[in-house]
Amino acid sequence: MFEPQRNHSALVYQGADGHLQYYYVDGGHWRVDNTTFAAFPVAGPIAVAFAQQRNHTEIVYASANHGGKLIYWYVEGGWKNDQSSLAAPPVASGLAAVFEPQRPHTGVFYKDHSGRVHYHYVHGGHWNLDNSSFA
């Protein structure tokens, strides 16, 4: 993913230890943040979006510590996470995150184990869930 604030690419993936690895360029050198996310091992797909209006990266993934449910990471004076607002059935596949400038926030799509598509979006400052439009 391209991060305009750094004028460089960044890489997010599940490391061999099962935890999220976030590689980015700072001061002309690659750096890795592999400690921020250590308490929440990855248990499925990872999705990343760049929030233009906030000028930072946002990361969503299914966590093993939460039964495969989503954790949303964002930057607000440092990395923060939201573990409860995206409460819905665990992720099976198809996780995608997209920055929606009209909101302005990241929207999240995924399929649960029954094949139903879920769409999390922000409206009125709160996460909402649409799990019926894609039945």
#### Entry: Flag if H19 is without any contact (Cβ under 8 Å) to a residue 24 or more places away in the chain, under 26 Å from H118 (Cα atoms) and surrounded by 13 or more Cβ atoms within 10 Å (Cβ to Cβ)
yes
### Message
I need every pair where a residue in region 45-63 that is within 20 Å of A92 (Cα to Cα) and in contact (Cβ under 8 Å) with a residue 24 or more places away in the chain has its Cβ under 6 Å from the Cβ of a residue that is among the small types (G, A, S) and not in a strand (DSSP E or B), sequence separation at least 6 or different chains.
### Response
A62/G68
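Here's the yes/no breakdown for (1) loosely packed, with under 13 Cβ neighbours inside 10 Å; (2) of a type in the set (S, T, Y); (3) modelled with pLDDT of 90 or more:
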| position | (1), (2), (3) |
| --- | --- |
| M1 | yes, no, no |
| Y24 | no, yes, yes |
| F40 | no, no, no |
| A43 | no, no, no |
| A51 | no, no, no |
| T57 | no, yes, no |
| Y61 | no, yes, no |
| L86 | no, no, no |
| G94 | no, no, no |
### Query
Given the structure, is V108 surrounded by 12 or more Cβ atoms within 10 Å (Cβ to Cβ) and under 20 Å from V122 (Cα atoms)?
yes
#### Entry: Filter result for W73 (closer than 22 Å to S9 by Cβ, aromatic (F, W, Y) and surrounded by 12 or more Cβ atoms within 10 Å (Cβ to Cβ))
yes
### Query
Among the residues of region 45-61, is there at least one that is under 10 Å from the mean Cα position of the chain (by Cα) and among the charged types (D, E, K, R)?
yes
### Task
Test V122 against the stated conditions and say whether it is of a type in the set (A, V, I, L, M, F, W, C), modelled with pLDDT under 90, under 25 Å from P4 (Cβ atoms) and surrounded by 12 or more Cβ atoms within 10 Å (Cβ to Cβ).
yes
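The values are calculated or read from the model by the stated rules, or taken from the named source; none is laboratory data. The shown structure was predicted, so the numbers you read here are calculated from the model rather than taken from an experiment. Here the Cβ is made from the backbone with ideal geometry for all residues, glycine too, and neighbour counts use every protein chain on show.
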